[in-house]
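S.K.: Below is the structure I would like to discuss, written out as structure tokens.
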Amino acid sequence: MIRYKKIKIGKKYIDVFLIKLLSKNLILLRASKGYIMCGYLDLAVAEKFGDVAVRITGVSTIGEAMNATVSSCTTYAKKLGISPGQPIRDALKIIS
């Protein structure tokens, strides 16, 4: 099952995807300058491709993802001002 919705962040919208897998959910929040991904996705690959990517862990719902903090991020995300421990809503404002 795949869930999709748009969430308003400030004056812009982000795309939110939740994909139910066998044991957990895969979550992706996509904004205009980058994205936030759950622990299922590989940050090293995002770095290799030059993506502005943020990783969150320990989440299984969209609500949990929206209330999470940055676990890690690519150097491209760091250049925009994103850092580990930062609230996801703040990171989303930067990449939206």
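The values are calculated or read from the model by the stated rules, or taken from the named source; none is laboratory data. This one's a predicted model, so the numbers in the text were calculated from it and none came from an experiment. In this analysis, Cβ positions are derived from the backbone assuming ideal geometry, glycine residues included, and neighbour counts consider all displayed protein chains.
S.K.: Does Leu22 satisfy being of a type in the set (A, V, I, L, M), out of contact with any Cys (no Cβ under 8 Å at 6 or more places or on another chain) and surrounded by fewer than 17 Cβ atoms within 10 Å (Cβ to Cβ)?
M.R.: yes
S.K.: Another one. Looking at the range 64-94, which of its residues are charged (D, E, K, R) and without any contact (Cβ under 8 Å) to a residue 60 or more places away in the chain?
M.R.: Glu64, Lys78, Lys79, Asp90
S.K.: Ok, one more. Find the residue count for the range 1-36, including only residues that are in contact with a Lys or Arg (Cβ under 9 Å, 6 or more places away or on another chain) and among the aliphatic types (A, V, I, L, M).
M.R.: Residues that pass the stated criteria total 10.
S.K.: Here's a check for you: in the range 31-40, which residue that is surrounded by 16 or more Cβ atoms within 10 Å (Cβ to Cβ) and either among the β-branched types (Val, Ile, Thr) or out of contact with any Leu (no Cβ under 7 Å at 6 or more places or on another chain) (or both) is modelled with the lowest pLDDT?
M.R.: Gly39
S.K.: Can you report the number of residues in the range 6-33 which are in contact (Cβ under 8 Å) with a residue 40 or more places away in the chain, in a loop (DSSP other than H, G, I, E, B) and on the phi < 0 side of the Ramachandran plot?
M.R.: Of the residues in that region, 3 qualify.
S.K.: Pull up the range 43-63, narrow it to residues that are touching a residue at least 24 places away in the same chain (Cβ under 8 Å), assigned to a loop (DSSP other than H, G, I, E, B) and touching a helix residue (DSSP H, G or I) at 6+ places or on another chain (Cβ under 8 Å), then point me to the one that is surrounded by the fewest Cβ atoms within 10 Å (Cβ to Cβ).
M.R.: By that ranking, first place goes to Gly50.
S.K.: Give the residues of the range 64-77 that are within 21 Å of Gly10 (Cα to Cα) and assigned to a helix (DSSP H, G or I), sorted by residue number.
M.R.: The answer is Glu64, Ala65, Met66, Ala77.
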